[in-house]
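Undergrad: Encoded as structure tokens, here's the structure I'll be asking about.
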Amino acid sequence: MSQTARYYEPAPESIDTEAFRQVVLSRRSVRRFTTDPIPQAVLDDCLDMALLAPNSSNLQPWDFYIIRTPETRKALVDFCMNQNAASTAAELIVVVARIDSWREHARMNLEQFPIQPIPKMVQQYYRFLVPFVYNQGPLDSLGRFRRSVAGVSSRLRSVPRGPCSTEEMRLWATKSTALAAENLMLALRAHGYDSCPMEGFDERRVGRLLKLDDHALPIMVIGAGKRADDGVYYPRIRFARERFVHTL
Ligand SMILES: Cc1cc2nc3c(=O)[nH]c(=O)nc-3n(C[C@H](O)[C@H](O)[C@H](O)COP(=O)(O)O)c2cc1C
């Protein structure tokens, strides 16, 4: 009988909570940047940290477009309604959620799985469950079929309800991609740089600019750079914890 050794990754013992708090507290949406560039090594490190975000089924449904070409940048700033956060940014990054990369990424998860032999459960997950759950079929026919099956079996037990349509796939990909965007912004702050997430842009024009098809959804444009002295417009407002946190 073969027995696979159990993988063991202990939590690090000392994390500098105060340093983390400083990063979180000092991250503000910065609307004006200086002309200082972000060194490529810093940007690469921040992007690497973005890519470590938790994500659904480890299918990593995201893309990051760094916009540097002057004409493309000019058009993007225009499509961001010429917001200062875009026009003054040292870097403009379009964060894109993808609903079509899951199949290839499922295969890559198996190809690059770090333990051999690949546990049966993992093989089954990526070979069968992932295609079953994420393939919506022509005109969402498979999604609709799954929804009706879930509707029946949910009378007896808890069942996953989605994603059961292309629209729900967009939400599915957006959740994970937004987490990666947050990692990116926190990483920039940890390196002494700042950012502004923007959804105030013309999604369709940005999609066309990047030659994206219907399977790729630009969810945010992130302006990044060194904070100008007048880069933050107002002190931060957050409502009381009790308004949002519900202990049941
Ligand atoms: C999804 C999303 C979209 C946003 N869009 C814009 C935007 O288009 N323009 C802008 O100036 N700020 C934008 N913001 C920044 C918010 O206004 C800002 O996060 C909020 O006011 C809280 O301020 P803080 O980030 O400094 O804590 C956006 C933030 C998020 C998360």
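Undergrad: Where nothing but the Cβ of Lys and Arg (+1) and of Asp and Glu (-1) is charged, how large is the charge dipole of the chain around its Cα centre, in debye to the nearest 20? Write down the numbers at each step before the final one.
TA: Working: 33 positive and 28 negative charges, 194 e Å.
Here the chain has a charge dipole of around 920 debye.
Undergrad: Counting other C-beta atoms within 10 Å, and keeping those with at most 15, which DSSP coil GluC sites (Glu not before Pro) do you find in segment 142-248? Intermediate values should be presented prior to the final figure.
TA: Details: sites: Glu167, Glu168, Glu182, Glu199, Glu203, Glu242; in loops: Glu199.
Loop-located and lightly packed - Glu199.
Undergrad: Right, next: Please give the net charge around Ala228, taking every other residue with its beta carbon less than 14 angstrom from that of Ala228, where Lys and Arg add +1 and Asp and Glu add -1.
TA: Once positives and negatives cancel, what remains is +1.
Undergrad: Rg(Cα) of segment 29-231 divided by 2.2 N^0.38 Å?
TA: Working: Rg = 19.4 Å, N = 203, 2.2 N^0.38 = 16.6 Å.
In units of the globular-protein estimate, segment 29-231 measures up at 1.17.
Undergrad: What is the mean projected area of the alpha carbon convex hull for segment 14-85, to one decimal in square nanometres?
TA: Details: hull surface 29.6 nm².
Average projection, Cα convex hull of segment 14-85: 7.4 nm².
Undergrad: Tell me the trypsin sites (Lys or Arg not before Pro) within segment 36-128 that lie in a loop according to DSSP and have at most 10 other beta-carbon atoms within 10 Å.
TA: On the way: sites: Arg68, Arg73, Lys74, Arg98, Arg103, Arg107, Lys120, Arg127; in loops: Arg68.
Listed in order of number, the matching sites are Arg68.
Undergrad: Still on this structure, I have one more. When only DSSP loop residues count, what trypsin sites (Lys or Arg not before Pro) in segment 182-248 have their Cβ near at most 14 other Cβ atoms within 10 Å? The partial results should precede the final answer.
TA: On the way: sites: Arg189, Arg204, Arg205, Arg208, Lys211, Lys226, Arg227, Arg236, Arg238, Arg241, Arg243; in loops: Lys211, Lys226, Arg236, Arg238.
Sites meeting the loop and neighbour criteria: Lys211, Arg236, Arg238.
Undergrad: Here's a follow-up. Once label points are set 7 Å from the Cα along Cα→Cβ at both Asp16 and Gln123, what is their separation, rounded to one decimal in nm?
TA: Placing both labels 7 Å beyond Cα along the Cβ direction yields 4.6 nm.
Undergrad: Hey, how many Å between the Cα centroid of segment 195-239 and the Cα centroid of segment 70-145?
TA: Rounded to whole Å, the Cα centres lie 19 Å apart.
Undergrad: While we're looking at this one, here's another question. Would you mind ranking Tyr65, Tyr234, Tyr193 by Cβ crowding within 10 Å, fewest neighbours first? Walk me through the numbers before you get to the answer.
TA: On the way: Tyr65 19, Tyr234 7, Tyr193 23.
Ordered from fewest to most neighbouring Cβ atoms within 10 Å, Tyr65, Tyr234, Tyr193 come out as Tyr234, Tyr65, Tyr193.
FYI, it's all coordinate maths here, none of it is from the lab. Values in this document were obtained by computation on a predicted structure and should not be read as measured data. Ideal geometry is used to build each Cβ from the backbone, glycine not excepted, and the neighbour counts take in all protein chains shown.
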